[in-house]
Amino acid sequence: MDLLFDIPVLGFVLQFIAYLIDAITTTNLAPQTLQLATPIALGALCGVMNERSGIVNIGIEGMMLTAAFVGFMVAMVVHEAIPTEPAAIFGFTPALIIGILAAIGAGMLVSALHAWLCISVRADQIISGTVINIIALGLTGYLNRLIKPAGSAGTLDPFRPPAELVDLPIVGWIFRMFLAVGPITMSVIVLVIVMQVLLFRSRWGLRTRAVGEHPRAADTVGIDVIRLRYRNVILGGIFAGLAGAWLTLEFNQSFQNGMSANRGFIALAAVIFGRWTPIGAFGGALLFMFSEALGIAIRSNPPPGDLGVFLSGIQASFPSLYNNTFGALPYLLTIIVLAGVVGRSVAPAAVGKPYVKEGAT
Amino acid sequence: MTNMRRIWALSVIPIVSIILALLVGSLLIIASSLATGDSLNLLLPFVAYESLLEGATGLSLIDLNAADVPSLALSVDVERAARAVTNTLAAAAPLVLTGLAVGVGFKAGLFNIGGTGQVLVGGFTAALMGAAVAEQPVPVAVTLALVAGALGGAFYGFIPGALKAFTGAHEVVSTIMLNSLAAFIIVGLVNDVFKITGPTFARTADVGNAALPILFGRNGSLGILVVLAIIPITYFLLFRTTLGFEIRTVGANPSAARYAGMSPRWLIILTMSLCGLFAGLAGAIEILTLGYYPAVFGTSIGFAGITVALLGRAHPIGILLAGLMLGGMRAGAPSMQITANIPIEIIDVLQGLILLFLAAEIVIRRLLRIRADRITPSELGTVARTYGEGTV
């Protein structure tokens with residue numbers, strides 16, 4: 001083995017692969033990837049719901065941020081009113097559950113604004129999304145500075161699967177990835193599968209896709225285009241809301257201005273990467289955020305051998321650049337993947353085009 | 001007469017939007033008085049907006065010195081007004097440029113939300129060039145630093161342009177990713193490579209002679225003149241040259257442009273680079289005013305450019321006026337924060353509200369029963385239509 005690792009260049013690659021296998025099977029790399037991919041995947045589900053119905057939604061970022069703020073504030077207030085010991089499973093408290101529901105409600109409310117602007121007002125859909133992003137950033141930032149929240153309702157805990165399961169050789173990491181995570185993260189897998197099935201195997205899914213591809217034809221066969229679009233855009237807000245709840249109730253326990261950090265836009269890239277399917281978008285989310293999780297893993301637990309020496313050499317000479325390059329990885333990877341796949345990925349035909357019923361003005 | 005009517009048709013929706021935004025903002029300010037004061041203060045919006053206006057223009061509407069009850073009285077302190085107007089101009093100059101960075105993109109059917117990243121890169125390259133030519137004579141140093149900033153920004157606009165032209169990656173996503181990328185990498189570069197020893201915080205070397213000369217007042221810098229020169233140049237480019245015609249054609253209808261023998265690819269790359277150039281210049285003006293590039297350089301002028309461009313209807317003159325308006329708000333915000341104890345972020349909320357009412361312009365038009373031009377540039381439809389369409 002060491003002989004292989006000594007080959008120039010190729011040795012480095014082999015060392016890296018060995019490190020990857022080791023990191024996935026023995027460390028927290030896999031659950032961390034799923035965790036970080038959660039808001040991206042949820043945002044992408046929101047995007048799929050919207051774009052499959054023919055509505056561009058670049059306001060997912062703002063929806064997430066609003067939901068994160070509302071969820072956090074509501075949970076904090078409830079927690080102060082009725083402090084409760086967290087439950088044994090997931091550390092659930094009434095405050096956290098009400099916070100999640102509030103976040104979902106906020107996501108739906110902002111989505112309703114987007115739906116109204118895009119569908120009824122027939123405003124430009126890109127502008128509508130931009131308006132939502134700018135108002136969300138401004139309003140949450142303003143209120144956060146005004147209220148200066150001091151407390152917190154704490155966070156949801158990851159599930160603790162039995163040790164025999166996660167310590168299994170070879171497959172233990174899979175259980176760790178999907179079980180040793182928080183409830184919102186865990187729900188993503190279920191939501192993705194449910195949405196995939198609904199979108200491609202149900203009456204609702206067929207109608208939604210029809211409305212996104214050819215609203216005129218859908219209208220002719222009696223589908224209420226306007227109503228279906230409204231419903232789908234507002235329901236899509238549930239996912240954006242849940243992503244917001246993840247930000248302040250599961251992953252962090254505080255709210256910072258602009259904390260969604262462009263995750264809503266990475267989600268859009270995941271939608272394109274996944275060719276407007278829930279499972280594909282989920283794959284995109286995992287791919288993009290694997291780079292971030294890997295960056296965290298490499299920094300906390302550098303690879304052994306020449307590769308590690310090489311990396312720690314860079315880290316010693318350029319500590320800040322080293323850290324920031326890892327921080328930038330998911331964004332860089334998103335650009336590269338977007339440039340690589342998008343040409344072959346075709347959006348629903350009616351995306352971005354407001355629908356006007358024939359004869360109506 | 002027809003000219004006046006034309007101006008009215010163009011400006012009525014933006015003006016109504018601004019008024020509505022201020023009204024909704026005043027409700028928010030009243031609600032905020034619960035958090036900062038003891039009771040609901042119904043007069044707080046007046047106090048807030050008055051100090052905003054005073055900070056932006058020097059015009060004072062309330063006489064605070066007279067007796068116990070403040071009374072309405074218009075007064076102007078000339079010295080104060082000069083200072084306030086200079087502050088407004090200084091704040092407006094970079095906003096007009098980032099507004100152009102978005103607005104010119106609109107003309108070509110492109111939505112450049114990468115202003116933030118282009119400002120960072122432009123500011124950074126201007127700071128590096130400025131430090132390198134710090135000892136040169138002022139005219140040479142300033143010119144070189146400004147050009148470096150503009151080129152840095154242009155390069156950073158070229159990237160998403162080329163990505164869109166050759167791979168079909170939509171600029172809405174790619175420019176946002178480039179914003180984050182620039183923020184991360186530049187912090188690293190300043191901390192590890194370009195940091196100078198001495199200051200308590202990480203920053204690049206002083207730009208010395210490349211600092212923008214102050215022409216009037218405390219902060220009326222050369223940047224203001226640069227922007228005033230760029231407005232007519234941009235107008236000429238867009239409306240009086242073949243290139244401008246091609247840019248507008250590709251924005252109105254990419255397929256028609258292609259059939260007419262124009263090259264949408266080339267035009268997209270060129271326009272995005274031009275947008276980046278404007279934003280980069282805005283960053284250069286910010287940094288050459290500051291005198292160095294700090295590792296932590298948070299700037300919101302990139303995003304504010306979107307509001308400026310939409311409020312200004314993507315037209316150079318409109319963008320100039322909108323930039324002055326938002327620049328005034330920024331210049332007046334600190335005095336509002338002091339007088340009315342309202343977080344400075346209210347400016348961002350007002351900007352968002354203005355945009356919201358602009359987006360809902362049809363509703364405004366119906367409610368007020370007014371005839372007015374559609375404010376959203378028609379080329380914007382191209383942005384939404386081409387979303388996810390792939391290569392051009």
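The values are calculated or read from the model by the stated rules, or taken from the named source; none is laboratory data. If you're wondering where the values come from, they're calculated on a predicted model, not measured in any experiment. Positions of Cβ are backbone-derived with ideal geometry, glycine not excepted, and every protein chain shown enters the neighbour counts.
Kindly provide the set of residues from region B:287-302 that are of a type outside the set (Phe, Trp, Tyr) and surrounded by 24 or more Cβ atoms within 10 Å (Cβ to Cβ), ordered by number. The answer is B:ILE287, B:LEU288, B:ILE301, B:GLY302. Where helices (runs of 4 or more DSSP H) fall wholly inside region A:155-231, the ranges with 3 or more residues that are under 30 Å from A:ALA23 (Cβ atoms) and β-branched (Val, Ile, Thr) are A:183-201. With respect to the stated conditions, B:VAL383 fails to be more than 10 Å from chain A (Cβ to nearest Cβ), buried (at least 24 other Cβ atoms within 10 Å of the Cβ), within 30 Å of B:ALA165 (Cα to Cα) and of a type in the set (Val, Ile, Thr). Please determine, by comparing only the residues of region A:261-298 that are touching a helix residue (DSSP H, G or I) at 6+ places or on another chain (Cβ under 6 Å) and among the charged types (D, E, K, R), which one is surrounded by the fewest Cβ atoms within 10 Å (Cβ to Cβ). So the residue we want is A:GLU292. Among the residues of region A:285-314, those that are touching a residue at least 12 places away in the same chain (Cβ under 8 Å) and within 12 Å of chain B (Cβ to nearest Cβ) comprise A:PHE288, A:GLU292, A:GLY295.
Within the group A:PHE265, A:PHE282, which residue is more than 9 Å from chain B (Cβ to nearest Cβ), part of a helix (DSSP H, G or I) and in contact (Cβ under 8 Å) with a residue 40 or more places away in the chain? Exactly one residue qualifies, and that residue is A:PHE282.
Looking only at residues of region B:180-192 that are facing another protein chain (nearest Cβ under 7 Å) and not aromatic (Phe, Trp, Tyr), we find that the one that is farthest from A:SER317 (Cα to Cα) is B:SER180.
Each row is one residue, and each column tells you yes or no for (1) closer than 28 Å to A:GLY151 by Cα; (2) in a loop (DSSP other than H, G, I, E, B).
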residue	(1), (2)
A:LEU3	no, no
A:PRO8	no, yes
A:GLU51	no, no
A:GLY54	no, yes
A:MET63	yes, no
A:VAL70	yes, no
A:VAL78	yes, no
A:ALA88	yes, yes
A:ILE97	yes, no
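Scanning region A:140-151 finds no residues that are more than 14 Å from chain B (Cβ to nearest Cβ), touching a residue at least 24 places away in the same chain (Cβ under 8 Å) and surrounded by 23 or more Cβ atoms within 10 Å (Cβ to Cβ).
For region B:151-178, a tally of residues being closer than 9 Å to B:ILE269 by Cα and more than 7 Å from chain A (Cβ to nearest Cβ) returns 8. Just to verify a result, which residue in region B:333-371, among those that are in contact (Cβ under 8 Å) with a residue 60 or more places away in the chain, of a type in the set (A, V, I, L, M) and in a loop (DSSP other than H, G, I, E, B), is nearest to the other protein chains (Cβ to nearest Cβ)? So, considering only residues that are in contact (Cβ under 8 Å) with a residue 60 or more places away in the chain, of a type in the set (A, V, I, L, M) and in a loop (DSSP other than H, G, I, E, B), the one nearest to the other protein chains (Cβ to nearest Cβ) is B:ILE342.
Please determine whether any residue of region B:259-280 is aliphatic (A, V, I, L, M), closer than 30 Å to A:SER320 by Cα, within 21 Å of the chain's Cα centre (by Cα) and crowded, with 21+ Cβ neighbours inside 10 Å. Yes, the conditions are met somewhere in region B:259-280. Looking only at residues in region B:193-214 that are free of Cβ contacts under 8 Å to residues at least 40 places away in the same chain and either within 28 Å of A:GLY258 (Cα to Cα) or facing another protein chain (nearest Cβ under 9 Å) (or both), the one that is surrounded by the fewest Cβ atoms within 10 Å (Cβ to Cβ) is B:THR200. Scanning region B:317-332 for residues being within 14 Å of another protein chain (Cβ to nearest Cβ) and either at pLDDT below 90 or out of contact with any Ser or Thr (no Cβ under 7 Å at 6 or more places or on another chain) (or both) gives a total of 2. Within region A:120-139, the residues that satisfy the criterion of being surrounded by fewer than 23 Cβ atoms within 10 Å (Cβ to Cβ) and under 20 Å from B:ARG365 (Cα atoms) are A:SER120, A:VAL121, A:ARG122.
Against the conditions (1) in contact (Cβ under 8 Å) with a residue 40 or more places away in the chain; (2) in a loop (DSSP other than H, G, I, E, B); (3) in contact with a helix residue (DSSP H, G or I) (Cβ under 6 Å, 6 or more places away or on another chain), A:LYS353 satisfies every one except (3).
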